[in-house]
1. Any idea which residue in the range B:34-90 is nearest to ligand 4 (Cβ to nearest atom), counting only those that are more than 28 Å from B:Gly192 (Cβ to Cβ), assigned to a loop (DSSP other than H, G, I, E, B) and open to solvent by 20 Å² or more (accessible area, probe 1.4 Å)?
2. Filter the range A:89-110 down to residues that are touching a residue at least 60 places away in the same chain (Cβ under 8 Å) and among the hydrophobic types (A, V, I, L, M, F, W, C) and give me whichever is farthest from ligand 6 (Cβ to nearest atom).
3. Would you check if B:Thr137 is modelled with pLDDT under 90, more than 7 Å from chain A (Cβ to nearest Cβ) and at negative phi?
4. Taking the range B:1-14, which residues are hydroxyl-bearing (Ser, Thr, Tyr) and either within 16 Å of ligand 3 (Cβ to nearest atom) or open to solvent by 10 Å² or more (accessible area, probe 1.4 Å) (or both)?
5. Does B:Asp28 count as surrounded by fewer than 21 Cβ atoms within 10 Å (Cβ to Cβ), under 20 Å from B:Gly171 (Cβ atoms) and at pLDDT below 90?
6. Take residues that are away from ligand 3 (no atom under 16 Å from the Cβ) and hydroxyl-bearing (Ser, Thr, Tyr) and tell me which of the helices (runs of 4 or more DSSP H) falling wholly in the range A:187-298 contain 1 or more.
7. Of these, A:Ile86, A:Ile11, A:Ile69, which one is closer than 30 Å to A:Asp260 by Cβ and in contact (Cβ under 8 Å) with a residue 24 or more places away in the chain?
8. Evaluate the range A:102-116: report whether one residue or more is part of a loop (DSSP other than H, G, I, E, B) and within 14 Å of another protein chain (Cβ to nearest Cβ).
Amino acid sequence: MTDRDLLHIPIALLLIRHPYAKDFFTILGLPSTARQVTVEAFFASLDQDHIDNLGLIREELGLRLEAFIAQMEKLKSGKAPTLQSITLCGGRDKDGRLENIRLELRPGDVVSVVGPTGSGKSRLLADVECLAQGDTPSGRHLLIDGQAPDESLWLGGEQRLVAQLSQNMNFVMDVSVREFLTLHADSRLVTDSEAAVAQIFSTAVLLAGEPFTLDTPVTALSGGQSRALMIADVACLSASPIVLIDEIENAGVDRRKALDLLVKQEKIVLLATHDPLLALLGQRRLVIRNGGIADIIATSDVERTLLHKLNSFDRKFSELRDRVRHGQRLNFDLDEFLAECIRPAGHPGED
Amino acid sequence: MKLVTVAGPPSSGKTSVILRLAEELLKDGLSLGVIKFDCLSSEDEHRYAKAAIPVKLGLAGGLCPDHFFVANIEEGVQWGRRSGFDLLICESAGLCNRCSPHIREVLAVCVVDNLSGVHTPAKIGPMLKTADVVVITKGDVVSQAEREVFAFRVKQVNPRAAVMPVNGLTGQGSLMLQRQLRNAPDTQALEGVRLRFSMPAALCSYCLGETRIGPDCQIGNIKTMDFS
Ligand SMILES: Nc1ncnc2c1ncn2[C@@H]1O[C@H](COP(=O)(O)OP(=O)(O)OP(=O)(O)O)[C@@H](O)[C@H]1O
Ligand SMILES: Nc1nc2c(ncn2[C@@H]2O[C@H](COP(=O)(O)OP(=O)(O)O)[C@@H](O)[C@H]2O)c(=O)[nH]1
Ligand SMILES: [Mg+2]
Ligand SMILES: [Mg+2]
Ligand SMILES: [Zn+2]
Ligand SMILES: [Zn+2]
């Protein structure tokens, strides 16, 4: 169908061919009750005052509708923009010393970013976010699939490369979990939004410690529940192939499961953190010093075993927190309390 | 000289975005100036001056700032040329949602923020609908889903615009906007050039026929009383 034809078909037919075009009429505040007339006749019949008040120009309505449909088709067929890899080419640290690094990341890679406060972790994430081309303070370059990024696709803001999670992010919409997820699914032009909502919800409940319902207002969720919902939503609905996580707190989210979920959805995950337990969840970690990547450390088997043990300490601490929270007094023997963490795994009771 | 009109609801982040952008452009040796159109008073003048950016403030008083803008912009352009700017940015808060300072053949930027809610894009008039570039701020405080829904709603209202998130505090994302500015057309004079959309002879939402009472419906030059 050519663009011209669009104007000469009845509205009813247009809505069958392009169901989402209904939004064009509602969002622009145009009543689309006259469904049997052609689009062109409908535009011609609109009251001039009405069009003026909407900030529209009659002659441009047809062009607007065409652009609207083109944009929606792009979003629909564009599904997830795919990429095989991104490559981070080193720039300079804060003293101008060369970084000398070329780091390739592929879908399913989880890389943590560690370093003291002010060392440049967030800068590194920002470089990825804006697809730095030597034009940020660090002078880093990013390649997509080994090449300089396609200007029109990635740099024009047409496709979003990254989804972001950080602890400053909150829900500000006053809607229930169900409405919230439905809004997001609709904006992604998902055909079966009910199924998508159900899937994300069950995933989120799995990640969160305490359960919540589809009717809970999003603003009433606890910190952990919010984070769990955000992670499940980003993993399942966001089209962006890269997920940047900056300082996500230890707020009752099963972080191991959360990362596994992102990996399963073929995301590239970069995770800036001060928390050793979180840092060790990455397959590699970038050590940032004075604005530059000073080292890349692959998580060793020793560290993975350690992580397992450290997690049991972490659980003990949660237990402690819960006891105090619930008004209990602490009168136990510390060595005994921690004993199961220190004893070698799989040999309970061994002395 | 390149001219850019930056419009958007009050406190959407226009000044912040312009300042972040200016930091980068000044580093590259570009010279730029700002004209700020506002109603009664504006702190923005000092913010620009503090960043060593030449600024002219135009106070509209009882007029809609956008009406005031059209009557003064040609002189403003001549000021910019005399000053030898590479880039002249006009910031205005389109208070009545019905006016828009955007001019044909001049890069038109609209700044809206994620906190204003997903229904806002549909409510903003020609200043959003006719913009070439829509900048969305305050993404740092809302969830990824809300950012995506908001951007989607903007694209529905203005499918032709380039839509880009920019953080007005850190400048994250302003690189994309910079690239747009560098490609903006040149403007020597505006005489005879047309506005993208006509302006009504009105100052506030009630002049425009609003009949409902309540803060959500009061847009424009509104004074509130102190009942405390
Ligand atoms: N390579 C670099 N060259 C120049 N400036 C840099 C470089 N890397 C980082 N910076 C600057 O250093 C400052 C601090 O960096 P950043 O905010 O990224 O630190 P951080 O590691 O995230 O700290 P925190 O742990 O407190 O969040 C920022 O202004 C950043 O732009
Ligand atoms: N969190 C956050 N705050 C912002 C952002 N952009 C602007 N602000 C804040 O929003 C407020 C209004 O910004 P300002 O630039 O004065 O808006 P203007 O009236 O449109 O010029 C200020 O307090 C800014 O610091 C952003 O991206 N994130
Ligand atoms: Mg940081
Ligand atoms: Mg301002
Ligand atoms: Zn006005
Ligand atoms: Zn009035």
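The values are calculated or read from the model by the stated rules, or taken from the named source; none is laboratory data. Remember, predicted model here, so these are calculated numbers, not experimental data. As a convention, Cβ positions derive from the backbone with ideal geometry for all residues, glycine included, and neighbour counts pool all protein chains shown. In case anyone asks, the SASA skips ligands and DNA or RNA and just uses the protein heavy atoms, side chains included. Shrake-Rupley method; radii C 1.70, N 1.55, O 1.52, S 1.80 Å.
1. Result: B:Glu43.
2. Applying the filter and picking the extreme gives A:Ile101.
3. So B:Thr137 does not fit the description; no.
4. The answer is B:Ser11, and nothing else.
5. yes
6. Ranges flagged: A:193-207, A:223-237.
7. Going through A:Ile86, A:Ile11, A:Ile69 in turn, the sole match is A:Ile86.
8. Within the range A:102-116 (the criterion being part of a loop (DSSP other than H, G, I, E, B) and within 14 Å of another protein chain (Cβ to nearest Cβ)), the answer is no, since none of the residues qualifies.
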